1. Does region 154-170 contain at least one residue that is modelled with pLDDT of 95 or more and farther than 24 Å from Asp248 by Cβ?
2. Go through region 137-157 and give me each residue that's touching a residue at least 60 places away in the same chain (Cβ under 8 Å) and within 13 Å of Phe267 (Cα to Cα).
3. Checking Ile180 against (1) more than 39 Å from the chain's Cα centre (by Cα); (2) open to solvent by 20 Å² or more (accessible area, probe 1.4 Å): exactly one of these is not met. Which one?
Amino acid sequence: MKKRLIRSLYNNFFPYQDSTTRGKTSGQSNFGGGAFYTTNPGSVPAATNSRLSPLPPEPADFYNPTATVDIPLDSTKDLKKKEKELQAKEAELRKREQEVKRKEEAAARAGIVLDEKNWPPCFPLIHHDIANEIPIHLQRLQYVAFTTLLGLTLCLTWNMVAVTTAWIRGGDATIWFLAIIYFISGVPGAYVLWYRPLYRAFRTESALNFGWFFLFYLLHIGFCIFAAVAPPVVFKGKSLAGILPAIDLVGQHVLVGIFYFIGFGLFCLESLLSIWVIQQAYMYFRGSGKAAEMKREAARGAMRAAL
């Protein structure tokens with residue numbers, strides 16, 4: 001009884017033992033060995049036949065998240081084509097650079113100075129670099145001359161404001177159009193006719209530029225004095241904010257009269273500052289010997305014309 005009980009427990013715990021081994025142990029070939037025991041071992045396939053084919057080994061960096069993966073982007077033909085395109089663009093850029101350099105050298109030999117526009121910084125319109133292009137002993141005078149250019153711009157702008165108020169208060173529309181014309185023609189004209197010649201005269205010591213400056217700066221001073229007085233010559237003088245129309249309008253419209261008095265003060269200040277500039281420029285012109293040089297050039301021109 002004990003042997004059968006031990007044998008039954010053994011068969012229950014080890015149901016897949018080989019039948020031959022169990023037969024040898026128990027002495028019986030058809031002994032039931034539990035719920036998982038099969039009486040016909042020939043129906044179960046051999047373990048070697050049920051094995052799956054092994055998977056191929058993974059690459060060395062299969063589990064490495066930082067490993068680089070080589071992905072072919074372009075073929076060799078595409079790379080050669082792009083290389084040719086880059087070489088063509090490089091040759092074209094080199095050709096353009098040589099052309100620009102040739103033009104700059106030709107301009108330098110001809111004495112032409114290529115000025116880059118740099119003022120005002122927000123919207124460059126003109127070339128202006130007193131600190132680097134004007135001699136130190138002339139920079140103060142050049143800055144004051146530039147102040148007179150800005151002062152003229154302020155005077156003509158305020159003149160438009162004053163004339164606009166006079167027109168709204170019952171004036172003639174013609175005076176407003178004249179104020180617009182003064183501003184549109186006065187500011188660019190001042191820069192081209194007298195400020196730029198003075199800038200170039202101080203920069204290159206040109207006697208001809210000094211002559212242009214003196215001629216048109218005198219006209220500028222005359223206009224400022226005329227505007228400060230504003231005599232009733234053109235449309236009763238009310239197109240300019242001077243002293244005479246200010247006195248005439250202050251009794252009718254106080255605000256308009258005040259605006260005209262402010263314009264009169266601005267034109268007076270502009271006139272005084274401009275007189276100081278032309279005086280200093282003339283003193284430097286005489287002291288530097290440019291006057292004698294200008295006389296010699298005028299004499300040579302007259303002789304050429306006579307011959």
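1. Checked against the condition, which is being modelled with pLDDT of 95 or more and farther than 24 Å from Asp248 by Cβ, region 154-170 yields no hits at all.
2. Our first condition is that a residue be touching a residue at least 60 places away in the same chain (Cβ under 8 Å); within region 137-157, this holds for 138, 141-142, 144-145, 147-148, 151-152, 154-155.
The answer is Thr148, Gly151, Leu152, Leu154, Cys155.
3. (1)
Rundown of residues vs (1) of a type in the set (Lys, Arg); (2) surrounded by fewer than 17 Cβ atoms within 10 Å (Cβ to Cβ); (3) in contact with a helix residue (DSSP H, G or I) (Cβ under 7 Å, 6 or more places away or on another chain), yes/no style:
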site: Ile247; (1), (2), (3): no, yes, no
site: Gln252; (1), (2), (3): no, yes, no
site: Phe259; (1), (2), (3): no, no, yes
site: Phe267; (1), (2), (3): no, no, yes
site: Ile275; (1), (2), (3): no, yes, yes
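The values are calculated or read from the model by the stated rules, or taken from the named source; none is laboratory data. Not measured: the values here are computed from a predicted model. Neighbour counts are summed over all protein chains in view; Cβ atoms, including those assigned to glycine, are modelled from backbone coordinates with ideal geometry. Heavy atoms of the whole protein, side chains included, go into the accessibility calculation; ligands, DNA and RNA do not. Shrake-Rupley method; radii C 1.70, N 1.55, O 1.52, S 1.80 Å.
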